[in-house]
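Trainee: I have a structure here, written as structure tokens, and I will follow up with some questions on it.
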Amino acid sequence: QVQLVESGGGLVQPGGSLRLSCVASGGTFSRSIMGWFRQAPGKQRAFVAAINWSTGIADYRDFVRDRFTMSSDTAKTTVYLQMNSLKPEDTAVYFCAAGAGDHRDSRAYDVWGQGTQVTVSS
């Protein structure tokens, strides 16, 4: 069974940067897409970015486009989310997910990591 483990979260000041990592194991390539979602207190889980394993092409939520970059390393079965120019509203638990289908829809993903906390505050 595919398992995902996120890391790299933490506390940063506004304008700072973080790089999140998600290591997949147990049959990673049985899923065609990898995604990042985030969930803040009192809010629904929201799409952030996704990437296709085979093409390396990424797509982003408009709010984070030009600030965040998602990339993949198939040899390491790892995906990354480089987050720059972080804002307080980026504060959330960030989840890595694997699946297939509409990459902006959380229902397309059937494997989820436990999440990593990102806090942007002074």
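The values are calculated or read from the model by the stated rules, or taken from the named source; none is laboratory data. If you're wondering where the values come from, they're calculated on a predicted model, not measured in any experiment. Virtual Cβ from ideal backbone geometry, glycine too; neighbours counted across all protein chains shown. The area values use the complete protein model at the heavy-atom level, side chains included, leaving out ligands, DNA and RNA. Shrake-Rupley method; radii C 1.70, N 1.55, O 1.52, S 1.80 Å.
Trainee: What accessible area per residue comes out for the chain, rounded to a whole number of Å², with a 1.4 Å probe? Numbers along the way, then the final one.
Mentor: Values: 6170 Å² over 122 residues.
It amounts to 51 Å² per residue over the chain.
Trainee: For the full complex of protein chains and a 1.4 angstrom probe, list 61, 38, 104 by accessible area with the highest value first.
Mentor: 104, 61, 38
Trainee: Something else: Once the cut-off is 23 Å, how many percent of the Cα-Cα pairs in the chain end up in the long-distance tail? Present the calculation step by step, with values, prior to reporting the outcome.
Mentor: Values: 1575 of 7381 pairs.
When all Cα pairs of the chain are counted, 21 percent exceed 23 Å.
Trainee: Please give the charge dipole size of the chain, origin at the Cα centre, charges +1 on K and R Cβ atoms and -1 on D and E Cβ atoms. Round to the nearest 20 debye.
Mentor: It comes to approximately 120 debye.
Trainee: If you don't mind, there's one more thing I want to ask. Which order do 6, 89 take when ranked by solvent-accessible area (1.4 Å probe, heavy atoms of all protein chains), largest first?
Mentor: Ranked list, largest accessible area first: 89, 6.
Trainee: Here's something else I'd like to know. Carbon and sulfur atoms: what percent of the 1.4 Å accessible area of segment 1-118 do they account for?
Mentor: On segment 1-118, the fraction of accessible area on carbon and sulfur atoms equals 47 percent.
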